[in-house]
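Remarks on the structure that follows.
The values are calculated or read from the model by the stated rules, or taken from the named source; none is laboratory data. Since the model is a prediction, treat every value here as computed from it, not as a measurement. Methodologically, a virtual Cβ is constructed for each residue, glycine included, from the backbone with ideal geometry; neighbour enumeration extends over all protein chains shown. Each accessible area value is taken on the protein alone, full model and side chains, heavy atoms only, with ligands, DNA and RNA left out. Shrake-Rupley method; radii C 1.70, N 1.55, O 1.52, S 1.80 Å.
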Amino acid sequence: MEMKMIGRIHTDFVTKFGVPRQSGLVPELMGKIVLEPEYRNPDAFRGLEEFSHLWLVWEFSAAVRSEWSPTVRPPRLGGNQRVGVFATRSPFRPNPIGLSCVKLEQIDLQDSRKPVVWVSGVDMMDGTPIYDIKPYLPYADSHPGAKGGFTDGTEVRRVTVELPEELVAASEISGEKLQALRGVLEQDPRPRYQKDPERIYGMSFGEYEVKFTVQENVLRVVELVRG
């Protein structure tokens, strides 16, 4: 079966480090879907504006491999316990396909590449290939009583973020961008197995370079500069 890429999503993540582990965890994170010329037809999106949320089908383009493993180590289990790949959302799968539920913010028909679809709550790297867009249907897609498997017994790790005002002022980071960055950092972007309180971690976020340390559940930003 041939899969056709219909477009790419553009986000603030040029690398995998820092990308939220699930969609919707940081509602402020924006993404812009730019379609391939073949699919820039407004008629294909007629009626989509009536929906609040979308499903995006995409490719783990940074995790494409020729081989696969039947078991993986989910971050929610500390990266030490193996479970079946089909019991996880790991990117290391027989087919590197991702599925994300995002909020539809705008369908831009003024852009020269129209339509351009703006969404929020993204969990994808910049340039990620998009294979399909489908509307989220509350009557069919929402299951409040559903069980979450091993995730029900694990705690979502969050940290307190200390971001000095002088770094914010010097970087001139905007309010919306700053809020999104805080949301990303609160998720603790470190791999689960890394707990060195002296280590300085670095990540790219849009046009900014961020460096931070984590000690006793407090993440402190030590450098924030425009790259």
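Sort through V34, V19 and tell me the only one that's open to solvent by less than 60 Å² (accessible area, probe 1.4 Å), in a loop (DSSP other than H, G, I, E, B), modelled with pLDDT of 95 or more and β-branched (V, I, T).
Working: V34 fails: in a loop (DSSP other than H, G, I, E, B).
On inspection, the qualifying residue turns out to be V19.
Of the residues that sit in segment 37-66 and are part of a loop (DSSP other than H, G, I, E, B) and hydroxyl-bearing (S, T, Y), which one is surrounded by the fewest Cβ atoms within 10 Å (Cβ to Cβ)?
Taking segment 37-66 first, the residues part of a loop (DSSP other than H, G, I, E, B) are 40-41, 46-47, 51-52, 60, 64-66.
So of that shortlist, the ones also hydroxyl-bearing (S, T, Y) come out as 52, 66.
On the way: S52: 11, S66: 4.
My answer is S66.
Could you check Y136 against (1) among the hydroxyl-bearing types (S, T, Y); (2) within 30 Å of L48 (Cβ to Cβ); (3) touching a helix residue (DSSP H, G or I) at 6+ places or on another chain (Cβ under 9 Å) and say which number it fails?
Tallying (1) among the hydroxyl-bearing types (S, T, Y); (2) within 30 Å of L48 (Cβ to Cβ); (3) touching a helix residue (DSSP H, G or I) at 6+ places or on another chain (Cβ under 9 Å), Y136 fails exactly one: (3).
Kindly indicate the residue of segment 196-215 that is in contact (Cβ under 8 Å) with a residue 12 or more places away in the chain and part of a loop (DSSP other than H, G, I, E, B) and also least open to solvent (accessible area, probe 1.4 Å) among those meeting that condition.
Ranking the candidates gives G206 first.
Considering each of R8, R76, R93 in turn, give the residue that is assigned to a helix (DSSP H, G or I) and either within 26 Å of V156 (Cα to Cα) or touching a Ser or Thr at 6+ places or on another chain (Cβ under 8 Å) (or both).
On the way: R8 fails: assigned to a helix (DSSP H, G or I); R93 fails: assigned to a helix (DSSP H, G or I).
Every option except R76 fails the conditions.
If we keep just the residues of segment 122-159 that are exposed (fewer than 14 other Cβ atoms within 10 Å of the Cβ) and of a type in the set (A, V, I, L, M), which is farthest from T15 (Cα to Cα)?
Only one residue tops the list, namely A140.
Determine, yes or no, whether E28 is touching a residue at least 40 places away in the same chain (Cβ under 8 Å), of a type in the set (D, E, K, R) and part of a loop (DSSP other than H, G, I, E, B). Show your work before the answer.
On the way: touching a residue at least 40 places away in the same chain (Cβ under 8 Å): yes; of a type in the set (D, E, K, R): yes; part of a loop (DSSP other than H, G, I, E, B): yes.
It is true that E28 is touching a residue at least 40 places away in the same chain (Cβ under 8 Å), of a type in the set (D, E, K, R) and part of a loop (DSSP other than H, G, I, E, B).
Against the condition among the aliphatic types (A, V, I, L, M) and in contact with a Leu (Cβ under 7 Å, 6 or more places away or on another chain), how does V57 come out, does it pass? Step through it out loud before you land on a result.
Numbers: among the aliphatic types (A, V, I, L, M): yes; in contact with a Leu (Cβ under 7 Å, 6 or more places away or on another chain): yes.
So V57 passes the test.
Restricting to segment 3-27, name every residue that is in contact with a Cys (Cβ under 7 Å, 6 or more places away or on another chain) and closer than 18 Å to Y131 by Cα. Spell out how you get there, then give the answer.
First, pick out the residues of segment 3-27 that are in contact with a Cys (Cβ under 7 Å, 6 or more places away or on another chain): 23-24.
Scanning segment 3-27 gives a single hit, S23.
Looking at segment 67-105 only, could you name the residues that are free of Cβ contacts under 8 Å to residues at least 24 places away in the same chain and open to solvent by less than 90 Å² (accessible area, probe 1.4 Å)? If you could, list the steps in order and put the result at the bottom.
Filtering segment 67-105 for residues free of Cβ contacts under 8 Å to residues at least 24 places away in the same chain gives 67, 69-73, 81-82, 84-86, 88, 90, 95.
Once the filter is applied, which keeps residues that are free of Cβ contacts under 8 Å to residues at least 24 places away in the same chain and open to solvent by less than 90 Å² (accessible area, probe 1.4 Å), segment 67-105 yields S69, P70, T71, V72, G84, V85, T88, S90.
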